[in-house]
There are 2 protein chains.
Amino acid sequence: MLPPDLSARLKRDADGLVAAIIQEAATGEVLMLGWMNDEALRRTLTEGRVTFWSRSRQEFWRKGDTSGHRQVPLRVRLDCDGDALLIDVEQTGAACHLGTHTCFTSDLKITV
Amino acid sequence: MLPPDLSARLKRDADGLVAAIIQEAATGEVLMLGWMNDEALRRTLTEGRVTFWSRSRQEFWRKGDTSGHRQVPLRVRLDCDGDALLIDVEQTGAACHLGTHTCFTSDLKITV
């Protein structure tokens, strides 16, 4: 269980999830965004590995167990309204399942 | 309306929203996470200002209209599965409504 004082601060969506932004500590690059329920956050804070809740597969997903591309959490911060986490990680290999270092590879056109 | 090819790539949650990570271009600091529906994204891509959808107030929220703390989008990227945006911005003043530069001010304890 998460500590009750922490649990009380989370503002979960309808599926019981908060967003987790993964930022590479060494470079400042934002690598991906995942989702966490209370138990995924608890594991992330206590296991030395980032664990998400997979919305598509409806199961826990400890990053790197299949791919080897582990994420070690170095710092975990909660935002002011409790619906988002920012996690500084040490990333092994590619963060994206498509093999790129970051999941944010598609530029959208700004037309002002 | 969003261009149909872009609209088709978005993976919205039950409320029709995607997550939008705001990163300060000059520093690499992650400032906040907001939510966008199709129209908020369209405005962000075409108005030179970041616009969110406020989940709590259920209305569009163009950052800085009340506070003066504007966000000018310099680069907008979509992630591999279409449920998250990464937006590099030029931030005026504090990004957080509590007056801090970033919304991520609360460190959670890692116990490994």
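The values are calculated or read from the model by the stated rules, or taken from the named source; none is laboratory data. Worth saying up front: this structure is predicted, and the values here are computed from it rather than measured. Every residue, glycine as well, gets a Cβ built from its backbone with ideal geometry; the counts of neighbours run over all protein chains shown. Calculation scope for accessible area: heavy atoms of the full protein, side chains included, ligands and nucleic acids excluded. Shrake-Rupley method; radii C 1.70, N 1.55, O 1.52, S 1.80 Å.
Worth pointing out:
- Of all residues in the range B:42-56 being assigned to a loop (DSSP other than H, G, I, E, B) and small (G, A, S), the one that is farthest from the other protein chains (Cβ to nearest Cβ): B:S56
- The conditions of being basic (K, R) and closer than 29 Å to B:L41 by Cα are met by A:R57.
- Residue check for B:D79: in contact with a Cys (Cβ under 6 Å, 6 or more places away or on another chain), under 19 Å from A:A20 (Cβ atoms) and among the charged types (D, E, K, R): yes
- The set of residues in the range B:18-33 that are more than 9 Å from chain A (Cβ to nearest Cβ) and closer than 15 Å to B:D83 by Cα comprises B:V18, B:A20, B:I22.
- All positions within the range B:18-50 that are open to solvent by 40 Å² or more (accessible area, probe 1.4 Å) and of a type outside the set (K, R): B:A25, B:A26, B:T27, B:E29, B:D38, B:E39, B:T46, B:E47
- Close contacts from the range A:31-58, counting a first residue that is among the charged types (D, E, K, R) and a second that is part of a strand (DSSP E or B), with Cβ to Cβ under 7 Å and a gap of 6+ residues or different chains, come to A:R43/A:T51; A:R49/A:R62; A:R49/A:Q71; A:R49/A:V72; A:R55/A:W35.
- Annotation: of all residues in the range A:20-64 being under 28 Å from B:A14 (Cα atoms) and polar (S, T, N, Q), the one that is modelled with the lowest pLDDT is A:S56.
- Among the residues of the range A:96-105, just one is surrounded by 15 or more Cβ atoms within 10 Å (Cβ to Cβ) and over 18 Å from B:D88 (Cβ atoms), namely A:C96.
- Residue count for the range A:61-82 satisfying the condition of being touching a strand residue (DSSP E or B) at 6+ places or on another chain (Cβ under 6 Å) and either hydrophobic (A, V, I, L, M, F, W, C) or more than 18 Å from B:V112 (Cβ to Cβ) (or both): 6.
- Residue within the range B:64-74 that is under 20 Å from B:P4 (Cα atoms) and among the charged types (D, E, K, R) present: no
- Any chance A:P4 is farther than 17 Å from B:L86 by Cα and either within 11 Å of another protein chain (Cβ to nearest Cβ) or among the polar types (S, T, N, Q) (or both): no
- Residues of the range B:57-93 that turn out to be part of a loop (DSSP other than H, G, I, E, B) and either open to solvent by less than 60 Å² (accessible area, probe 1.4 Å) or more than 8 Å from every other protein chain (Cβ to nearest Cβ) (or both), as a count: 15
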